[in-house]
Amino acid sequence: MTYALPVLVFVMVALATAQALRRAAWWRQGAAAEVAWGPGLLALPRRYLVDVHHVVARDAYASRMHAVVAGGLIVATVLAGLAILPSLGGSRLYWAIVALAFGVTAAGSLLVGARRYPAKPRRLSGGRFQILPFLLLAYALGGLAGALLLALGAASTPALIAALALSGVGGLGLAYEVRRGPMRHAVAGALHLVAHPRPGRFRSRLDTALAPLDLDAARLGAETPADFTWNRLLSYDSCIQCGRCETACPAFAAGQPLNPKRLIQDLVAGMTADEPPYAGSPYPNAREVDPPAAPLARLIGPDARIHPDTLWACTTCRACVEECPMMIEHVDAIVSLRRNETMEFARPPEKAADILSDLRGAGEPGGRALSARTDFAAGLDLPVISARGEADVLLWLGEGAYDLRYGRTLRALVRLMRDAGVDFAVLGAEERDTGDLARRLGDEATYQQLARANVETLGRYRFGRIVTADPHALHALRNEYRVFGGEWTVVHHTALLLELIEAGRLKPGVLGGLSVTYHDPCYLGRYNGETEAPRKVLDLIGASRVEMARSGRRSMCCGGGGGAPISDVAGDRRIPDIRMGQAIETGAAVVAVACPTCTAMLEGVTGVRPDVKDIAELLLASMELGA
Amino acid sequence: MTRVRRDPRADRRAAQIASLDRPRFDLAGRAADGGPGRPRRNPRTEFAALRVTGAARPRFDRQHRGEGAVAQVVSAASTPNVIVVDAPAFLVAVVPDAPGGRLTQHDRQLFGAARTLAGAHGAVAALVAGEIEGLGAIGADRVAALASTQNYAPDVTAAALASAFAALSPRHLLFPETPDGGDLARRLALLTGEPLFPDVEQLSATSVSRAARGKRVAQRAAPARLMTLGADVVAPYSGPAREGRSEPLPTAEVSAPAITDARRIPADPATTPLTVADFVVSAGNGVTDIEAFRRLAEALGATPGASRVLCDAGLMPRASQVGASGSVLTATCYLALGVAGAPQHLQGVAGCEHVVAVNTDLHAAMIERAGLAIVQDAQLVMPALIAALESERAS
Amino acid sequence: MKIVVLLSAGAHPVSSAPVLPRLEAQALRLALALGETTGLHAGPSAAPAADALGHGLGLLTHLATREGDDPIPALVAALKAETPDLVLAGRRGQGGEETGLAPYAVAAALGVTIVADAVALAPGAAPGSLVVEQALPKGARRRLVVRLPALVTVHPGAPAPGAYAYGVARRGRVDTIWGVAGSAAEPNPIAVEERPYRPRPKLMRSAPGTGSAAERLAAATGGMASSGANVLVQPTPDEAARAILEHLRRIGVLAPAVANKPAA
Ligand SMILES: Cc1cc2nc3c(=O)[nH]c(=O)nc-3n(C[C@H](O)[C@H](O)[C@H](O)COP(=O)(O)OP(=O)(O)OC[C@H]3O[C@@H](n4cnc5c(N)ncnc54)[C@H](O)[C@@H]3O)c2cc1C
Ligand code: SF4
Ligand code: SF4
């Protein structure tokens, strides 16, 4: 009977492998992808232990639970399997060790169960996930009892048979679940870490730029699950339905019909016809759709699996990606689906049609004259680079320049740069929109047209670096223009201001006692990892800084990105109102911002609320006070 | 300012004798003017014509000096204040829209333009289908009746106009640049082969100009024979009444109209899209009594709008949102009740000619933008407005 | 129903870049909803008009003509050969002379009915007829039944154009053939002098009957209550209501009180 447990393990592994292979056949429906297998495999332990752990550890309970249950499960199973070797299988000491491992697994299973019973948190899915602790417990307790009996030398007693039977039910159940149940995440997750579509993420580099789309491809964007590359399909299968993305999603919080977890599950369910029903939180306030039962059908549409409202509610804030322990790339999926809707079906959000057409025709989303971009600086006598050919700093103004309110920020920035003696110039009427908006709305063709034109324009001038106050422009210029041949040093204005202060070229005054909370723009904090410079500037002007519940790379979106204000999908509340609520909770008198979009969104909140001031405005105010 | 400036060039042109290979002028004769020699002025009649009626003390309107009063003006014995032009040198004809027989403001402006072009020697002729009252008062010296069509039949009307054009041979024929006027003008241009100078934006006796190429250039020319006049570019005629003598027209042949049925659907302010509505009354966060607001919009015959706050709150439909992320208006008048005037909101109102604001906050941006600002609670003003409109209607 | 949409090479209103005029994209939308549609463009290059493919047009026939040629003869010749039931065009060009005469010239040459300013189209009850909804000022409409063939121009109040889609454009096709050589475009028969455009202030509208000298005098000297910016602080509601109604009448958006009564 010493072989019974190892045999069970081998049957489990065989079953799990068979189930995984059945599933893999579906992944292979996806488009081809280039995967660096060797480096991926070598990096797997590090990716798992460092990168995944970094995310998992944000939830201390889950982290402990997972370490115990997964560690116990793997160790116990491997050890039990090794007992096939007569030298080990015959050792009672060995069985004691195996029993210990199963004991740990059992403890972990109890932790899993304790999270779900008597009541599970809302973000966790029910359904098959509710059975998981029982399967785990059965396998672990059975294994524990069996190994103990073997350790005590009590082979082939009815008790041992009963223990093995219990373990077999649990173990085979877990193995069976590899195709469609919770345990899929283990197999798919491991493979996904090897074949991740953005390996750059693990090299402590920020790999957040959208990949350019081949405009000559037979089909633009993803219409059905089969249009995603196979390793993306694999990545969606690795979702453990932990709901961390759902908790982080601003659209979900606002009651808009988007839930990133559900979205990923819809992509998964669209692959096969027999996926078990989804048992997590729905898309809030979603309109009824009538999903087709056929696999690989069209994903988006009022009559498809995902209503277009869901697709267009996303602000592309990447909060979901940041929180996902399985390193799933939700935003890439959303943009891919949007590209298909916009470019193949001409169905961008209703209000986007004119905006996109103005971007194509006039290089500007509002159809305003490019020469009017510098109107905000009337009287400031902005130097235009075409008149000089070169400058140390090229100031990229961005779309905010057309906005009355944001013009104040830019004027403050211009004054500060003048005070510090920075040699700068603007492109003036040669500056087009970066195309960020078009791209996030799925209009890659217009984006590429604008990107090429901007790269061409910038290529004509000599400058040391580009400074911009617009994180969206910064992200485009710094990260997304590279493939079009634009490689520059791109600096956010808050970083420049900090640098100028530290070099002694700006002498900040002291805004003593002014309590300020800083709102991180998604495209600066999460997309570009810059969270410190603005905070340091605030500290240097003597503001008493308080943090909101969500800040830094885990900050919450203002609701302004990804074209969401244009899609304007209805919800229960507005995202900026929620964010402003978090600012109000801190009791701060001022919300410091560093982005034209955040400024506009937060300024749009009505009622009694803190003032909204850009870092540049606050710095200038401190200097005026100090002077 | 009382004296009419003479345009020597126009005079010369008027005196030119037609159909000679070399230009020749009949400077003494002026057969067309009806009398030999220079036109005589009668300062007394002229002055009388300038007198403002109804004023207690004699007052004279020199600004609108009734240009026609210079020559050949004989006050009709029976109606002393009507200007009569007996034998005009030429005609300037206008084709007012007059929907439903009522003259629009644009139509009145058409007469103002025609008067400018007619100058001292010409007469203004109105070409109208059906009975329209008060054409003399707004500046018609002549009224020619076109055969009226039962239904909307622009092809038939254009044919009738073409025959009137041939019969009267006016120096200019003016249309308002409206859907109907603009359509007739273009039909006539094709029927007569006469070039059209459309959408005049600026007009004087000697030149007209219009915008072209996406408002990048202004084209200037001498007044053409066929022109359409933009809205609100020329003041209506406001001199003393004119005779409005009826001018006979030969009957035109009527062909079968190509349009077999036409029905006018009046604008319903409640459903007119905000972007084209002429009068919008809008509610902001300061309006709590939405029911009263709806009744007010109806009583005023205005299209209801709202600020985003109310749309977000679901109190008003999303389609009624005014502003950057809502509708951008082209209304003549915007009546804003309890709207703060956030920049995103004001973007939607930028094109409105008149803004009236009711707000409790004297320093609200909307108050600043308004031509008439009422610092008062909207909840008090709305019922007062409804009551005032109702009592007017009742009386 | 066989429909041809006339497409032109427009200029973007702000940037002057060559684009498909918005009105023509609207015309295309109406046409595509109504029946089998092709596009027709006469000019030296098909490029700007080819944007129509991205709005869902399947086939654009490009009548190649030389720079400066009058496009009308080429269009007329092609339409005579094609004999569509319905021809759609924008009510004005965008970026050129913008006189709005071209559709009339085409209709006259074809000898078909022209109807202006459509905002909606539907097939008529009788075969060979079309229901056209025309835009009138201030949101009013007129519903017509027109015998086909006809040429209909489209008003900006028609449904907004569908979005341009790159992928959709890839599926469309442009056929280029030589257009009937017209005479070089007749130089504008009215001699015009051009200068840069300067917007001029519009006249303030005033309600009918306020044009009398006495009232103008009063207004000019500020004698009337509400001329120019006017702020009433804490008036009684009745005062406020009176001031507002008076103002609304003065600017002409509210009918005079007497006119509210049905005409006696
Ligand atoms: C990206 C973006 C786009 C936006 N787009 C739009 C848009 O398209 N349209 C839009 O409207 N907004 C838009 N906003 C929102 C805008 O910034 C303002 O929040 C909004 O317009 C304020 O609406 P309000 O004036 O009705 O409300 P409030 O700001 O609350 O102002 C209410 C006003 O009513 C007055 N008031 C209060 N009580 C009374 C009373 N009893 N009687 C009379 N007056 C009273 C107050 O003095 C105040 O001035 C946008 C915001 C953002 C960020
Ligand atoms: S990117 Fe932001 S808005 Fe979009 S699904 Fe993720 S969390 Fe939600
Ligand atoms: S997508 Fe990621 S964060 Fe969201 S439920 Fe799945 S595993 Fe969790």
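Of the helices (runs of 4 or more DSSP H) that lie entirely inside segment B:321-395, those containing 1 or more residues that are among the polar types (S, T, N, Q), surrounded by fewer than 24 Cβ atoms within 10 Å (Cβ to Cβ) and more than 16 Å from ligand 2 (Cβ to nearest atom) span B:343-349, B:378-394.
Residue C:211 fulfils the conditions (1) touching a Pro at 6+ places or on another chain (Cβ under 8 Å); (2) assigned to a loop (DSSP other than H, G, I, E, B); (3) at pLDDT 50 or above except for a single criterion, (3).
Inspection of segment A:595-609 identifies at least one residue that is hydroxyl-bearing (Ser, Thr, Tyr), within 16 Å of ligand 2 (Cβ to nearest atom) and crowded, with 24+ Cβ neighbours inside 10 Å. Here residue A:250 fulfils each of the conditions (1) within 21 Å of residue A:52 (Cα to Cα); (2) within 16 Å of ligand 1 (Cβ to nearest atom); (3) not aromatic (Phe, Trp, Tyr) apart from (1).
Residues being among the aliphatic types (A, V, I, L, M), more than 29 Å from residue B:208 (Cα to Cα) and at pLDDT below 85 are represented in segment C:177-197 by at least one member.
Taken over segment A:22-42, the criterion of being in a loop (DSSP other than H, G, I, E, B) and charged (D, E, K, R) is satisfied by A:28, A:34.
All conditions in (1) more than 19 Å from residue C:108 (Cα to Cα); (2) in a loop (DSSP other than H, G, I, E, B) hold for residue B:255, with the sole exception of (1). Any residue that is on the phi > 0 side of the Ramachandran plot, outside the structural domain of residue A:494 (by TED's automatic domain parsing), within 16 Å of ligand 3 (Cβ to nearest atom) and not hydrophobic (A, V, I, L, M, F, W, C) - is there at least one of those in segment A:304-316? Yes; the residues of segment A:304-316 include at least one that is on the phi > 0 side of the Ramachandran plot, outside the structural domain of residue A:494 (by TED's automatic domain parsing), within 16 Å of ligand 3 (Cβ to nearest atom) and not hydrophobic (A, V, I, L, M, F, W, C). If you go through segment C:79-94 and keep only what is at the interface with chain B (Cβ under 7 Å from one of its Cβ atoms) and buried (at least 22 other Cβ atoms within 10 Å of the Cβ), you end up with nothing. Taking segment A:444-521 and the strands (runs of 3 or more DSSP E) fully enclosed by it, the elements with 2 or more residues that are touching a residue at least 12 places away in the same chain (Cβ under 8 Å), in the same structural domain as residue A:391 (by TED's automatic domain parsing) and surrounded by fewer than 22 Cβ atoms within 10 Å (Cβ to Cβ) are at A:462-468.
Of the candidates C:28, C:63, the single residue that is surrounded by fewer than 24 Cβ atoms within 10 Å (Cβ to Cβ) and in contact with a helix residue (DSSP H, G or I) (Cβ under 6 Å, 6 or more places away or on another chain) is C:63. The helices (runs of 4 or more DSSP H) found entirely in segment A:312-362 that carry 2 or more residues being away from ligand 1 (no atom under 16 Å from the Cβ) and closer than 23 Å to residue C:48 by Cα are A:352-362. Given the criteria in contact with an Asp or Glu (Cβ under 6 Å, 6 or more places away or on another chain) and either more than 16 Å from ligand 3 (Cβ to nearest atom) or within 14 Å of chain C (Cβ to nearest Cβ) (or both), does residue A:291 qualify? Taking the combined requirement at face value, the residue does not satisfy it.
Applying the criterion of being of a type in the set (Asp, Glu) and more than 7 Å from every other protein chain (Cβ to nearest Cβ) to the residues of segment B:236-271, the residue that is nearest to residue B:115 (Cα to Cα) is B:243. Between A:350, A:399, the distinction of being under 30 Å from residue C:164 (Cα atoms), away from chain C (no Cβ under 14 Å), within 34 Å of the chain's Cα centre (by Cα) and charged (D, E, K, R) belongs to A:399 only. Could you check, for segment B:232-250, whether at least one of its residues is in a loop (DSSP other than H, G, I, E, B), within 25 Å of the chain's Cα centre (by Cα) and farther than 27 Å from residue B:134 by Cα? The answer is no; no qualifying residue exists. Taking the criterion of being over 23 Å from the mean Cα position of the chain (by Cα) and acidic (Asp, Glu), the residues of segment A:455-503 that qualify are A:456, A:487, A:499, A:502. Of all the listed residues (B:230, B:181), the sole one being assigned by TED's automatic domain parsing to the domain that holds residue B:147, touching a Ser or Thr at 6+ places or on another chain (Cβ under 7 Å) and either surrounded by 23 or more Cβ atoms within 10 Å (Cβ to Cβ) or under 20 Å from residue C:93 (Cα atoms) (or both) is B:181.
Looking only at residues of segment B:294-321 that are of a type in the set (A, V, I, L, M, F, W, C) and within 14 Å of chain A (Cβ to nearest Cβ), we find that the one that is farthest from residue A:607 (Cα to Cα) is B:319.
Of all residues in segment B:297-312, those satisfying the criterion of being touching a Ser or Thr at 6+ places or on another chain (Cβ under 6 Å) and small (Gly, Ala, Ser) are B:305, B:306.
A single member of A:401, A:420 is among the hydrophobic types (A, V, I, L, M, F, W, C), under 12 Å from residue A:372 (Cα atoms) and outside the structural domain of residue A:596 (by TED's automatic domain parsing), and it is A:401.
For every residue, the table says whether it meets (1) within 15 Å of ligand 2 (Cβ to nearest atom); (2) within 15 Å of residue A:332 (Cα to Cα); (3) aromatic (Phe, Trp, Tyr); (4) surrounded by fewer than 23 Cβ atoms within 10 Å (Cβ to Cβ).
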{"residue": "A:215", "(1), (2), (3), (4)": "no, no, no, yes"}
{"residue": "A:234", "(1), (2), (3), (4)": "no, yes, no, no"}
{"residue": "A:254", "(1), (2), (3), (4)": "yes, no, no, no"}
{"residue": "A:258", "(1), (2), (3), (4)": "yes, no, no, no"}
{"residue": "A:263", "(1), (2), (3), (4)": "yes, yes, no, no"}
{"residue": "A:290", "(1), (2), (3), (4)": "no, no, no, yes"}
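For residue C:80, the conditions (1) out of contact with any strand residue (DSSP E or B) (no Cβ under 7 Å at 6 or more places or on another chain); (2) among the charged types (D, E, K, R); (3) under 19 Å from residue C:169 (Cα atoms) are fulfilled apart from (3). Among the residues here, residue A:159 qualifies as over 18 Å from residue A:88 (Cα atoms), in a helix (DSSP H, G or I), without any contact (Cβ under 8 Å) to a residue 24 or more places away in the chain and of a type outside the set (Lys, Arg). Within segment A:527-540, does at least one residue satisfy the condition of being of a type in the set (Asp, Glu) and assigned to a helix (DSSP H, G or I)? Within segment A:527-540 (the criterion being of a type in the set (Asp, Glu) and assigned to a helix (DSSP H, G or I)), the answer is yes, since at least one residue qualifies. The number of residues in segment A:232-274 that are away from ligand 3 (no atom under 13 Å from the Cβ), of a type outside the set (A, V, I, L, M, F, W, C) and modelled with pLDDT of 95 or more comes to 4. Can you find a residue in segment C:132-140 that is more than 18 Å from residue C:85 (Cα to Cα), in contact (Cβ under 8 Å) with a residue 24 or more places away in the chain and at the interface with chain B (Cβ under 9 Å from one of its Cβ atoms)? Looking through segment C:132-140, none of the residues is more than 18 Å from residue C:85 (Cα to Cα), in contact (Cβ under 8 Å) with a residue 24 or more places away in the chain and at the interface with chain B (Cβ under 9 Å from one of its Cβ atoms).
The values are calculated or read from the model by the stated rules, or taken from the named source; none is laboratory data. Predicted model, so just to flag it, every value in this text is computed and none were measured. So basically every Cβ, Gly included, is an ideal-geometry build from the backbone, and we count neighbours across all protein chains shown.
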